[in-house]
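Got a structure here, written out as structure tokens. Questions coming.
Throughout, read-outs are computed from the coordinates displayed, never taken from laboratory work. What you see is a predicted model, and the numbers here were worked out from it, not measured in a lab. Backbone-built Cβ (ideal geometry, glycine too); neighbour counts: all protein chains shown.
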Amino acid sequence: MKRRRRRGSCPQALLAEGLLVSVALVASLGSAMASLSEGVGDDDFPRKETVEAAMLRGEIAFRNYCTLCHGSRGDGRGRGARLYNPRPANLRESLMTDQYKESIIRLGGRAMGRSAFMPPWGQELTDEQIADLVVFLRSIAPPGAPQ
């Protein structure tokens, strides 16, 4: 017994139909994304090259890499701080320069003549992340701290 094909069910027709559905789906997703981004102005997110954006990215890096020891406020009272002697630095009171902060983040405490418990992050973090961390640390430093 011969099977009869339904009209439009040949492989080429199915392929064309699938292509049309895919195009329609992509078009509807594009318009949905455009409608989601409507109302999101330039004021809602800082531009990448601004100090505000660097500070935001630096805070994210700080929360991921530094809070265990330095605490969420940067005061040296993180959950792991009590395990170390000397205790982690209170970064809110630090009067070190930005260059020093960049070096100790990159090279670690031992290389800078400080605590060997401060790990070197130079192989883990990108140059941009380290620069962003320094910007964030500047934002929590005391007024008049050197830059």
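With the condition being surrounded by fewer than 17 Cβ atoms within 10 Å (Cβ to Cβ), I'd like the helices (runs of 4 or more DSSP H) fully within the stretch 47-147 carrying at least 3 qualifying residues.
So the answer is 51-65, 98-107, 127-140.
If you don't mind, another one. Go through the stretch 119-144 and give me each residue that's over 21 Å from the mean Cα position of the chain (by Cα) and over 20 Å from LEU56 (Cα atoms).
Answer for the stretch 119-144, where residues must be over 21 Å from the mean Cα position of the chain (by Cα) and over 20 Å from LEU56 (Cα atoms): just GLY144.
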